Amino acid sequence: MSATEIARLDAETAPLVARRLADELALGDGGRDRVRALPYDQVKAYAAAGLGALTVPLEFGGPALPATTVAEVFRLVSWGDPNVGQVPHSHFTMLNGLRLNQLRLNGTRDLAQRIYSEVRAGALVANAQSEFGTKHVRDIRTTLTPARQEGEWLLNGEKFYCTGSLFADYLAVLARRDVDGPLQVAWVRTETPGVEIVDDWDAVGQRTTGSGTVRFTNVPVADDWVTPFAVAFDVPTTYGAFAQLLHAAIDAGIARRALDEASEFVRTKSRPYADAVALAGVETAAQDPLVVHAFGEMELAVRSAEALLAEAGRRVDEADADLTAESAAEASLAVAAARASTAKVSVDVTSRLLEVSGARSALTSTNLDRHWRNARTHTLHDPVAWKVQHLGRWAVDRTPPPRHGQI
């Protein structure tokens with residue numbers, strides 16, 4: 001898709017493009033999962049379709065589509081293959097951080113212009129944030145130290161959970177300036193000398209997201225390719241809400257696909273239970289009243305999660321249009337509710353898929369368990385219990401949620 005065509009994507013056409021891609025992804029997602037075949041071609045197709053440029057601001061030639069549209073694109077693509085759906089999560093999150101920097105700080109326009117231009121041409125950004133062996137997820141030990149050459153830094157450290165790094169053109173690296181300095185984001189091209197991307201991701205689900213290790217050894221980074229991280233949190237923003245909204249959309253896509261595959265399996269492969277034949281007179285498993293009731297419960301749960309997701313997207317868009325401490329808090333709370341719901345529903349439905357489909361569905365050849373493995377792995381991204389805690393604190397005494405990237 002050309003840059004002009006990308007700029008013309010809107011709230012109606014972007015989901016249509018995503019649906020077409022999702023249908024193609026769904027033809028091979030099970031096979032890719034079974035042998036852990038990394039979706040290089042599929043990720044390229046995603047970028048080539050213009051879906052990576054949805055949030056590029058108008059001033060940089062993009063469509064600047066709202067959060068509701070981006071979330072719907074994520075839900076649809078994740079229906080087709082949640083691995084491909086998750087790959088660009090950090091891409092959009094870090095680009096959102098770049099936008100906030102560009103809006104609030106002088107000196108980042110040239111960087112924004114360069115990166116947005118490449119994104120419009122199909123470039124993808126991956127994260128390099130989390131680290132092993134630290135006290136908690138926000139304990140960062142990767143450093144930027146002054147190089148001998150003035151205006152340049154040396155990046156050193158090791159990261160894990162670097163989702164999408166195997167497919168990326170840029171890495172957005174969270175690091176401290178010196179050892180104890182403020183957190184920064186270093187924007188590094190993946191082919192830069194000293195960057196080592198390791199394909200060692202071995203989770204039970206989301207197996208092809210390219211979420212392994214990245215090492216940095218004396219990687220040179222020019223000063224104007226370093227942006228502050230805290231700018232996203234020191235004033236009210238929707239940075240965290242937007243990031244979590246996309247996670248919720250991935251879970252919702254997994255849940256809907258699992259329900260769709262369960263219904264197809266029951267209609268075409270499952271045998272009716274003997275008691276249903278004898279006592280209810282059914283001829284097929286799809287006529288069993290207990291099976292039908294279970295599907296009704298799952299449909300209700302998935303619809304509820306999808307509705308909360310849509311509402312959360314609207315709240316984020318409303319906050320972006322009129323950003324205050326109150327609107328930002330409302331957006332975060334709405335997203336927390338959606339994330340808590342989609343996480344629970346995706347795990348429940350992907351587990352119940354096997355229950356309603358019968359013993360045959362547990363055969364390795366069906367690979368239906370991949371939906372549960374994907375949901376269970378992705379929903380561990382951050383604790384849902386803390387989202388419920390923040391909702392409870394708001395309900396009890398109107399304590400606003402904290403400002404960080406997890407809510």
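The values are calculated or read from the model by the stated rules, or taken from the named source; none is laboratory data. Since we're looking at a predicted model, the values are computed, not measured. All Cβ positions, even for glycine, are placed from backbone atoms using ideal geometry, and neighbour counts span all protein chains on display.
Overview of values
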| quantity | calculated |
| --- | --- |
| Hits in region 241-264 - residues which are surrounded by fewer than 21 Cβ atoms within 10 Å (Cβ to Cβ) and more than 22 Å from T209 (Cβ to Cβ) | S263, E264 |
| Those residues of region 359-378 which are of a type outside the set (S, T, Y) and either surrounded by 14 or more Cβ atoms within 10 Å (Cβ to Cβ) or touching a residue at least 60 places away in the same chain (Cβ under 8 Å) (or both), in sequence order | R360, N367, L368, D369, R370, H371, W372, R373, N374, A375, R376, H378 |
| The one condition in (1) closer than 16 Å to R75 by Cα; (2) exposed (fewer than 15 other Cβ atoms within 10 Å of the Cβ); (3) among the β-branched types (V, I, T) that T268 fails to fulfil | (1) |
| Selection from region 32-50 of residues that are in contact (Cβ under 8 Å) with a residue 40 or more places away in the chain and either of a type in the set (K, R) or outside any loop (DSSP other than H, G, I, E, B) (or both) | R32, D33, R34, R36, Y40, Q42, V43, K44, Y46, A47, A48 |
| In region 206-237, the residues that are in a loop (DSSP other than H, G, I, E, B) and closer than 30 Å to H371 by Cα | Q206, R207, T208, T209, G210, S211, G212 |
| Complete set of residues in region 88-143 that are free of Cβ contacts under 8 Å to residues at least 60 places away in the same chain, assigned to a helix (DSSP H, G or I) and within 20 Å of the chain's Cα centre (by Cα) | L95, R99 |
| Failed item, numbered, when N374 is tested on (1) assigned to a helix (DSSP H, G or I); (2) over 23 Å from the mean Cα position of the chain (by Cα) | (2) |
| Tally of residues being out of contact with any Gly (no Cβ under 6 Å at 6 or more places or on another chain) and either assigned by TED's automatic domain parsing to the domain that holds R257 or β-branched (V, I, T) (or both) across region 46-89 | 5 |
